[in-house]
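Some notes on the structure that comes next.
The values are calculated or read from the model by the stated rules, or taken from the named source; none is laboratory data. Given the structure is predicted, the values throughout are model-derived calculations rather than measurements. Note that we place each Cβ from the backbone using ideal geometry, even for glycine, and neighbour counts take in every protein chain shown. Just so you know, the surface numbers come from the protein's heavy atoms only, side chains and all, with ligands and any DNA or RNA stripped out. Shrake-Rupley method; radii C 1.70, N 1.55, O 1.52, S 1.80 Å.
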Amino acid sequence: MGTLDIDFVRAQFPAFAEPSLQGQAFFENAGGSYTCKPVLDRLTRFYTQRKVQPYAPYEASRLAGEEMDEARMRMAALLGVDTDELSFGPSTTQNTYVLAQAFRQWMKPGEAIVVTNQDHEANSGPWRRLAEDGIEIREWQIDPETGALNPADLENLLDDKVRLVCFPHCSNVVAEINPVTEITAIAHAAGAFVCVDGVSYAPHGFPNVGELGPDIYLFSAYKTYGPHQGCMVIRRALGDLLPNQAHFFNGDVLYKRFTPAGPDHAQVAASAGMADYVDLLCDHHGGPASGAGERGQFVHDLMRAHEIALLQPVLDAVKDRNAVRLIGPAEAERRAPTVALALNRNAEEVAAELAQHGIMAGGGDFYAVRPLTAMGVDLGQGVLRVSFTHYTSRDEIDQLLQAFDRVL
Ligand SMILES: Cc1ncc(COP(=O)(O)O)c(C=O)c1O
């Protein structure tokens, strides 16, 4: 495998050429990424040429509908699932909320769901609310020092009452990559379905969800170089079982069953731009000529290798620093480049100081109230979070490390 051509990558993101952003290094990517050009081009084209009700028999409408179908088909292929197993909703939080309503109707009082205290609230709170209907909620807890989830602890929580196990591919503050396939196998062996929040992982390379194995996989396209959409994979066996949450006459169509709102046509269509971007990277770097899954895997591996090389110096620079607590592992291969730091002062104030050195980052709880509380982090101070992706350059990492030297 070659190395990522960072100049080529950055040329696909208009933000890097934007005059008002020059000198500013973006380190809040876990909050939302820059948008790639193919997505922006498709959005503009949709709004200028196809902004009509789709799927009617006139040309602009036919093109609009075709582009929406193309987005679902190509993204599903990239994720290694059937086209109708992928649906788009307004956000991951709303997608989870709708799913939780379906489980609320399907499950019986006394049955159980396993949630973690490592998750972002989006994959935690909606499930915990099912306790109001007599569903037992069991919490798979992190190690308070390391923030890690231990699969052996999950085994102790499982029995024949458990219908669903929810956990993150990686947390948005701990960032350790959880062994999804291993955990899924444990849950499946106990007869439970699996719901994985992939929001913090997918920006670092789209996974092959079909091979990973969960029944539900969620991520947010506005963090994966795309438009503001929640993407939700629901494997057919589970989707057919859960009660329909859409209009009664749409219930037979899997990709409509759990997205009751009318879709955002332009943003669904523009989501095909994420697949264009993967294709551009694959072809430019001499990846496999065919097979969406293989091409996606090739690009995933390129992105990860670049990120790991840039991440290790950041971890090394903070891990032994006085008055800094690095949240999550200190080895780059084990984690996403989302680095949360607990400091002995207010993290937002530190972020404001970093901004004076051209670093765009934030401080707070990042809706990860449960994991930070479990790890004993003072929520009043919050954590500073610096997060990057494959499009981040070595120069930007140097800029960050110099700013750390001045501010931390
Ligand atoms: C790990 C994780 N899960 C879920 C969400 C919620 O996603 P959305 O904003 O699409 O509802 C976020 C958002 O920051 C997140 O970081």
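In the stretch 330-350, how many residues are open to solvent by 10 Å² or more (accessible area, probe 1.4 Å) and either part of a helix (DSSP H, G or I) or not assigned by the TED database to the domain that holds Leu384 (or both)?
So the count comes out to 4.
Take the residues of the stretch 121-130 that are of a type outside the set (Asp, Glu) and either out of contact with any helix residue (DSSP H, G or I) (no Cβ under 6 Å at 6 or more places or on another chain) or within 16 Å of the ligand (Cβ to nearest atom) (or both): which is nearest to His265 (Cα to Cα)?
By that ranking, first place goes to Ala122.
For (1) buried (at least 16 other Cβ atoms within 10 Å of the Cβ); (2) acidic (Asp, Glu); (3) in contact (Cβ under 8 Å) with a residue 24 or more places away in the chain, each residue gets a yes or a no:
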position: Leu4; (1), (2), (3): yes, no, yes
position: Ala25; (1), (2), (3): yes, no, yes
position: Ser33; (1), (2), (3): yes, no, yes
position: Ala56; (1), (2), (3): no, no, no
position: Glu59; (1), (2), (3): no, yes, no
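Which ones in the stretch 208-226 are open to solvent by 10 Å² or more (accessible area, probe 1.4 Å) and either within 15 Å of the ligand (Cβ to nearest atom) or out of contact with any Phe, Trp or Tyr (no Cβ under 7 Å at 6 or more places or on another chain) (or both)?
Answer for the stretch 208-226, where residues must be open to solvent by 10 Å² or more (accessible area, probe 1.4 Å) and either within 15 Å of the ligand (Cβ to nearest atom) or out of contact with any Phe, Trp or Tyr (no Cβ under 7 Å at 6 or more places or on another chain) (or both): Asn208, Gly210, Glu211, Leu212, Gly213, Tyr222, Lys223.
Does the stretch 85-120 hold any residues that are polar (S, T, N, Q), within 13 Å of the ligand (Cβ to nearest atom) and either in a strand (DSSP E or B) or at pLDDT below 95 (or both), and which are they?
Thr116
Does any residue in the stretch 137-158 that is closer than 15 Å to Pro179 by Cβ and assigned by the TED database to the domain that holds His169 come within less than 7 Å, Cβ to Cβ, of a residue that is of a type in the set (Phe, Trp, Tyr) and at pLDDT 95 or above six or more places away or on a different chain, and which pairs are these?
Short answer, once both residue conditions are applied: Trp140/Phe167; Leu149/Trp140; Leu149/Phe167; Asp153/Trp140; Leu154/Trp140.
Being open to solvent by 40 Å² or more (accessible area, probe 1.4 Å) and in contact (Cβ under 8 Å) with a residue 40 or more places away in the chain is the filter; apply it to the stretch 309-322 and report the residue that is nearest to Gly382 (Cα to Cα).
Arg321
Just for the stretch 178-196: of the residues that are within 16 Å of the ligand (Cβ to nearest atom) and within 20 Å of Gly293 (Cα to Cα), which one is surrounded by the fewest Cβ atoms within 10 Å (Cβ to Cβ)?
By that ranking, first place goes to Val180.
Applying the selection to the stretch 1-32, what residues are within 18 Å of Asp279 (Cβ to Cβ) and at pLDDT 95 or above?
Leu4, Asp5, Phe8, Val9, Arg10, Ala11, Gln12, Phe13, listed by residue number.
Name the helices (runs of 4 or more DSSP H) wholly inside the stretch 209-265 in which the number of residues that are charged (D, E, K, R) is 2 or more.
Filter on the stretch 209-265 gives 236-241, 254-257.
Need the failing condition index for His306 against (1) out of contact with any helix residue (DSSP H, G or I) (no Cβ under 9 Å at 6 or more places or on another chain); (2) open to solvent by 20 Å² or more (accessible area, probe 1.4 Å), just the number.
Here His306 clears every test but (1).
Evaluate the stretch 391-400: report whether one residue or more is closer than 16 Å to Pro337 by Cα, touching a Pro at 6+ places or on another chain (Cβ under 6 Å) and among the aromatic types (Phe, Trp, Tyr).
For the stretch 391-400, residues closer than 16 Å to Pro337 by Cα, touching a Pro at 6+ places or on another chain (Cβ under 6 Å) and among the aromatic types (Phe, Trp, Tyr): absent.
Please determine whether any residue of the stretch 169-177 is more than 20 Å from Val377 (Cβ to Cβ) and either open to solvent by 60 Å² or more (accessible area, probe 1.4 Å) or within 16 Å of the ligand (Cβ to nearest atom) (or both).
yes
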